[in-house]
Each structure stands twice: as C-alpha cells, then as structure tokens.
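One structure, as structure tokens, below. Some questions next.
The values are calculated or read from the model by the stated rules, or taken from the named source; none is laboratory data. From a predicted model like this one, the values you see are computed outputs, not experimental measurements. Cβ placement follows ideal geometry from the backbone for every residue including glycine, while neighbour counts extend to all protein chains displayed. The accessibility values were calculated without ligands, DNA or RNA, using every heavy atom of the protein model including side chains. Shrake-Rupley method; radii C 1.70, N 1.55, O 1.52, S 1.80 Å.
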Amino acid sequence: MRLDYRKMQEEILPSKETQDWMWEEIEKIAAKGEKKQHSWAGLKMAASIAAAVLVFVALIPQTSWADQITGLVREFFYVNADIKQDIVPNVYEDEGKYGHVRMRIQEMISDGACTYCTICYEALDAEGEQWLREQEFDTESIRFTSYAGDDYNDYDASITVAVDGEIKSKTKTVIGGWELHEQEELATEKTRYFACSFENDSGSFPLKNESLTLFYPMYRSQGIGEVKVCSALDTVSYRLVGDKSPSEYYEPEYLVVSKLSYALFGKDHGTHKHWFDKEGMSCVECSEGFLAEKGDNENFVYPDGIPLAFEMEDGSTLEMGYAWTQLYDVGRTVSGPSFLISAGHFNVDREDWGRIMPIDDPNELTGIDIDGVHYDLVREEIADK
C-alpha cells in the first residue's frame with residue numbers, strides 16, 4: 001500500500017523542475033507586488049498564497065497543472081496573467097504527405113500587432129522519432145512568410161484575401177519580425193515544442209484577422225499551408241485630455257490600445273532635424289533643443305524608455321517596465337496625428353521587459369501618465385489608412 005501511495009504522489013505532484021520554476025515565479029511576483037499597484041495581476045497577494053498553491057497542486061492531476069504553466073503562458077506571459085480565455089486552441093494541424101510525424105499549432109493569441117503561438121511536432125512511429133530527433137529547426141525552416149533579413153527587419157508577407165468571392169494572395173510590407181524558440185524543457189522522445197512570436201512596434205495592427213502562408217518541414221517533404229491569425233482581441237482608441245505636455249518638442253494626442261499592446265500618437269514640434277549629406281543622402285538626428293531637454297550625457301533621449309503608466313477604472317495602475325521611444329512619422333491615420341511617440345506590448349519589469357503583462361480590459365482605461373504628466377482618456381475612434 002505504501003508503494004502505491006508513493007507512486008500516486010509521484011504522479012500527482014509537479015516535478016522538481018516545475019516546483020522550482022513555480023517558486024521562482026512566485027518570488028518574482030511577490031517582489032513586484034511591493035512596487036506595483038496592479039490589482040488585476042494579484043501581485044501583492046502572491047507571497048501569502050504561495051503555500052496554498054502548493055497544497056492545491058497536490059490535489060489536482062499532474063497533466064492539469066502542466067496545462068496551467070506551459071505553452072503560451074509560461075513562454076511569453078507572467079504566470080498570473082489572465083489570458084486563458086483569449087487563447088485560441090488547435091489552430092492548425094498536418095501529418096504531411098508521408099505521415100510518420102504530426103505538426104500542430106496548439107495555441108495562438110494575437111491582437112494583430114503582437115502574435116504568439118506554440119507549435120508541437122509529434123512522432124507517430126519509430127521512423128518519425130528518428131526524423132524528429134535529427135531534424136534542425138529555425139526561422140528559415142518554420143516561417144509564416146518568406147522574408148529577407150534578420151528577425152527585426154521589415155518583410156513582405158504573403159496575405160490571403162477574398163476578392164469578389166475569390167481567394168487570392170497579395171503581398172504587403174509588415175514592420176516587425178518573427179522569432180522561434182524551442183522549448184527544450186518540454187521535449188520527450190516523441191515530441192518537440194516551439195514558441196513562435198511576432199511583434200510589431202510601428203503603431204499598427206497589420207496581421208489582425210489575416211491569413212498567412214506557413215512553411216514548415218515534414219517527413220521527406222515541405223509543408224505549406226494557410227493559417228488564420230486568430231486575433232479576437234479588440235483595439236480601442238482614446239483622445240488624451242490635459243493642459244500641458246511632457247515636452248515642448250512633441251505633443252501626445254491619441255492612444256490606441258488592446259489587451260496586449262498600445263500605440264501612443266501625437267504631433268511633432270521639432271524632435272529631429274533633417275539634412276542631406278555630401279552624397280545627397282537624407283540624414284536625421286535629434287534636434288539640439290530636444291537633446292538638451294531629454295537627452296543624457298551620450299546624446300540619447302529617454303535611454304531608459306519613456307516613463308508611462310496606465311490607469312484603470314478600478315483605480316489600479318500598470319507602470320511600464322520599459323516603453324520604447326519611437327518618435328517618427330508613420331503616416332497611417334486619417335483622423336488624428338500620425339507621429340508615433342511610443343508603441344509595444346505591456347510589461348512591468350525593465351529587466352524582463354519581454355514578458356507580457358496584459359491589461360484586463362482596454363475599454364476600462366481612464367488615464368495615462370507620460371513622463372510625469374497626467375492625461376485623462378476619452379473614447380474616440382481613429383480611422384486607419
């Protein structure tokens with residue numbers, strides 16, 4: 001009986017690696033809870049519930065707990081991020097021309113600017129196991145587009161669209177890039193897992209509800225398929241209302257936001273100067289006045305990112321860990337300004353800014369602080385070109 005009980009413990013409790021990871025995440029959350037006012041994340045309660053969490057996981061099956069902490073959430077988000085209801089499962093599946101291996105896009109979440117998905121390769125027999133063990137994967141072998149350059153360059157995306165009821169393909173330039181990372185800690189003899197992400201910081205949402213061409217390796221063949229970007233997350237736009245600006249060289253006016261990311265637009269009042277060099281090439285650099293106002297000793301403006309904080313209806317605040325400084329004209333809006341001040345995904349830790357902390361509801365924003373200056377937010381639609 002004792003041997004059966006010990007076996008049951010091994011099956012129910014998380015592995016040693018999982019428990020260590022849990023404690024690391026709980027310690028991070030508890031530390032942030034002392035600094036951040038972020039009620040929807042439950043940061044301040046994390047330390048007090050840590051013991052209860054371990055007791056709770058002892059009462060649920062190992063597979064159920066693993067579902068909570070692996071895949072999309074573990075790779076891209078804070079463990080306590082409230083996004084499970086926004087993740088689309090079972091996006092795509094293929095066993096190729098010859099079988100032996102199954103490829104699946106297991107999960108996806110996207111707002112059109114940021115897209116995150118997990119991919120699983122599963123061997124269906126011994127021959128498939130050998131192929132999977134020897135196959136090399138990278139952003140050339142698994143790619144949603146055929147593009148030139150590194151992960152952060154613009155690229156031409158193959159987009160599938162319906163024209164007069166007929167399915168056709170077109171090419172459009174998308175600013176951003178894809179990254180592929182193997183989740184080696186999840187691998188078994190029969191499976192390999194990958195996390196794939198796309199992030200766009202141009203202030204637009206170019207992949208929203210688009211269908212992309214996916215290229216991927218299969219057993220003795222090249223897999224090609226059409227994948228719909230599952231972007232069920234809505235975007236909301238706001239007009240900023242305030243009586244002063246954080247700088248005399250730019251003026252914030254509009255905010256476009258989803259649950260995952262934001263884009264802050266305004267007007268340029270001389271942040272940069274333009275000239276042509278001896279060879280006739282166009283050159284741009286920060287103006288002397290803007291550098292004097294916001295620059296550091298090395299002539300970088302906002303070297304630690306633009307200080308941003310988003311306020312919610314319930315009184316909670318998300319203080320950005322790092323907010324990118326764009327400060328260039330994107331020319332994408334019909335109504336409102338086209339000067340992009342900052343854009344990117346929500347995060348709360350400068351040292352781990354790549355990890356996403358989504359907001360609960362983009363419809364419930366009430367204010368934003370930009371470099372110490374407060375603005376109220378009023379809903380107002382902005383049309384895209």
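Quick check on this structure: which one of HIS272, HIS181 is over 16 Å from TYR116 (Cβ atoms), at pLDDT below 90 and of a type outside the set (Gly, Ala, Ser)?
The unique qualifying residue is HIS272.
What number of residues within the range 75-85 are open to solvent by 40 Å² or more (accessible area, probe 1.4 Å) and in a helix (DSSP H, G or I)?
From the range 75-85, those open to solvent by 40 Å² or more (accessible area, probe 1.4 Å) are 75, 79-80, 82, 84-85; that's our starting set.
From the residues that got through so far, the ones that are in a helix (DSSP H, G or I) too are 75, 84-85.
Residues in the range 75-85 being open to solvent by 40 Å² or more (accessible area, probe 1.4 Å) and in a helix (DSSP H, G or I): 3 in total.
Only residues that are closer than 27 Å to HIS100 by Cβ and either of a type in the set (Val, Ile, Thr) or under 25 Å from the mean Cα position of the chain (by Cα) (or both): list them for the range 218-242, please.
Within the range 218-242, ILE224, GLY225, GLU226, VAL227, LYS228 meet the criteria.
Among what's in the range 189-219 and is of a type in the set (Lys, Arg) and in a loop (DSSP other than H, G, I, E, B), pick the residue that is least open to solvent (accessible area, probe 1.4 Å).
LYS208
Now a separate question. List every residue pair whose Cβ atoms sit under 7 Å apart, with the two residues 6 or more apart in sequence or on different chains, where the first one lies in the range 362-382 and is open to solvent by 50 Å² or more (accessible area, probe 1.4 Å) and the second, anywhere, is of a type in the set (Lys, Arg) and assigned to a strand (DSSP E or B).
VAL378/ARG239; GLU380/ARG239
Among the residues of the range 226-276, count how many are open to solvent by 20 Å² or more (accessible area, probe 1.4 Å) and over 25 Å from VAL348 (Cβ atoms).
Result for the range 226-276: 21.
Output the residue which, of all residues in the range 80-118 that are closer than 30 Å to GLN130 by Cα and among the charged types (D, E, K, R), is farthest from the chain's Cα centre (by Cα). Talk me through it step by step, then tell me what you get.
Within the range 80-118, the first condition is being closer than 30 Å to GLN130 by Cα, and the residues that meet it are 89-108, 116-118.
Narrowing the set further to residues that are among the charged types (D, E, K, R) leaves 93-95, 97, 102, 104, 107.
Numbers: GLU93: 23, ASP94: 26, GLU95: 29, LYS97: 33, ARG102: 26, ARG104: 20, GLU107: 14 Å.
So, considering only residues that are closer than 30 Å to GLN130 by Cα and among the charged types (D, E, K, R), the one farthest from the chain's Cα centre (by Cα) is LYS97.
Output the residue which, of all residues in the range 88-146 that are polar (S, T, N, Q), touching a residue at least 24 places away in the same chain (Cβ under 8 Å) and part of a strand (DSSP E or B), is surrounded by the fewest Cβ atoms within 10 Å (Cβ to Cβ).
Checked the range 88-146; the qualifying residue surrounded by the fewest Cβ atoms within 10 Å (Cβ to Cβ) is GLN106.
Of the conditions (1) within 26 Å of VAL348 (Cα to Cα); (2) modelled with pLDDT of 90 or more; (3) open to solvent by less than 20 Å² (accessible area, probe 1.4 Å), GLY223 satisfies every one except a single condition; which number is it?
Failed condition: (1).
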